[in-house]
Each structure stands twice: as structure tokens, then as C-alpha cells.
Amino acid sequence: MSDLTPLRLPATVEPVRVAVRRLRWLRRALADQLAAITAETGVAYRVDDRRLAAAFVSWLRRVEAQNPHDPGQRRAFFTFAAGLMLEELVRTMPVTAGPLPPAADAERPEYFWPEGFACTVFCVNVLSAVLAQEFDAATDVVPSFFDIRSWWSFRENAAEQLSTVIGFFDLFLGETPDWEMPTVFRDKLRTQLSAVR
């Protein structure tokens with residue numbers, strides 16, 4: 001896999017930013033993403049629906065708690081929300097990869113950490129669809145996304161401190177990560193602090 005294959009998201013009459021808040025839609029979108037990755041890599045996946053539901057509910061609560069409801073912060077918040085989704089998926093890990101194909105190169109991210117790779121690709125593709133729909137903006141990953149050293153660091157740091165997942169998600173998108181408080185939407189925090197002064 002040398003670049004990200006765009007995901008054909010399930011049909012919906014709602015904007016993607018709304019549809020993603022429906023567990024049934026999210027479940028279908030993830031299944032489609034996993035099928036696309038399987039077709040490209042030969043790695044089969046299983047999804048634990050209970051873990052996925054737990055990740056979804058936790059993500060939705062966290063997103064609602066931090067949503068700034070400010071049109072000027074929407075784009076940044078969508079990226080933050082996608083990072084939160086990835087953190088919840090890594091925390092609950094509802095995706096399990098089957099055996100690697102015989103010719104799999106473990107120096108490639110999709111074989112080194114297939115579950116983390118699949119969840120990350122999914123979150124990037126959902127964010128990409130949201131930003132394209134809402135802002136007519138293209139989203140892509142940086143070249144280091146395909147560098148095994150990035151994935152060694154990502155996996156190790158995620159195991160030690162889960163909140164770093166959001167920072168790595170930002171890095172993969174070419175954004176500047178917030179390593180100090182990655183789970184707090186900074187624009188909202190700045191607004192709240194300004195109101196107190």
C-alpha cells in the first residue's frame with residue numbers, strides 16, 4: 001500500500017459529520033474500510049461489535065463535552081474529533097487482524113501493526129470526507145505515514161500513554177501536535193480561559 005485508497009462511505013442523506021454520530025453508519029463504514037484494506041493487503045479483520053459500541057459511546061460523549069459550537073473553530077474541531085475517535089479505537093481495539101499473508105513485509109506499517117493501521121486509515125478517510133464536504137478541502141497524509149519508524153514510535157507511545165495517539169494522528173496529517181494536552185480541544189480551552197479573565 002503506497003497511498004491511502006479513498007473510502008467509499010455508506011450512503012446517507014445526512015452530512016458525513018452527522019452520519020458519523022450514528023453507530024450503524026459508523027459500523028458499516030468501518031466494515032467497508034476493512035474490506036478495502038483486506039483487498040489491498042490480504043489481511044483479514046474481525047470486529048468486536050461490543051468494543052466498537054463502547055468506543056463509539058465514549059467518543060460521542062467526549063466530542064459533545066468539548067464541542068465549541070463556534071463556526072470559526074469547526075475545521076480544527078473536526079480534526080480533533082477524528083483524533084479522539086482514533087484514540088478510542090486504539091483504547092478499545094475492536095479490530096483484530098487475522099494471520100499475515102506469507103509474503104507480508106513486516107517493515108510496512110500495514111503489516112507491522114495491522115489493527116492500528118486500519119483504524120488510523122479509517123479515521124483519516126472519514127475526516128477527509130467531512131472536510132471535503134464541509135470546506136471543499138483535500139486531506140492527505142504526510143510521507144512519514146508510510147515510514148515504519150513512525151509506526152514503531154506510534155505503537156510504543158500509544159501503549160505507554162494513550163493520549164499520544166491524537167498527537168500522532170496530527171503528525172500523520174502534517175499538523176503540529178499538542179503533546180502537553182492532546183485530549184483537550186485547545187481553541188475551546190483558550191476561549192474559556194479568556195472569558196474568565
- Query: When segment 10-40 is examined, which residues are found to be part of a loop (DSSP other than H, G, I, E, B) and either modelled with pLDDT of 95 or more or open to solvent by 40 Å² or more (accessible area, probe 1.4 Å) (or both)?
  - Reply: A11, T12, V13, E14, P15, V20, R21, R22
- Message: Please verify whether E115 is out of contact with any helix residue (DSSP H, G or I) (no Cβ under 8 Å at 6 or more places or on another chain) and either closer than 19 Å to T38 by Cα or aromatic (F, W, Y) (or both), treating the condition exactly as stated.
- Response: yes
- Item | Residue within segment 76-99 that is charged (D, E, K, R) and buried (at least 20 other Cβ atoms within 10 Å of the Cβ) present | yes
- Message: Step by step: first the residues of segment 41-52, then only those that are touching a residue at least 60 places away in the same chain (Cβ under 8 Å) and not β-branched (V, I, T), then the one that is farthest from V95 (Cα to Cα). Which residue is that?
- Response: G42
- Exactly one condition in (1) crowded, with 17+ Cβ neighbours inside 10 Å; (2) free of Cβ contacts under 8 Å to residues at least 60 places away in the same chain; (3) of a type outside the set (D, E) is not met by Q66; state its number. (2)
- Do we find a residue being over 24 Å from R17 (Cβ atoms) and either out of contact with any helix residue (DSSP H, G or I) (no Cβ under 6 Å at 6 or more places or on another chain) or assigned to a helix (DSSP H, G or I) (or both) anywhere in segment 162-175? yes
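The values are calculated or read from the model by the stated rules, or taken from the named source; none is laboratory data. Just so it is clear, the model here is predicted, and its values are computed rather than measured. Cβ sites come from the backbone with ideal geometry, for glycine too, and all protein chains shown count toward neighbours. All accessible areas refer to the heavy atoms of the entire protein, side chains included, with ligands and DNA or RNA removed. Shrake-Rupley method; radii C 1.70, N 1.55, O 1.52, S 1.80 Å.
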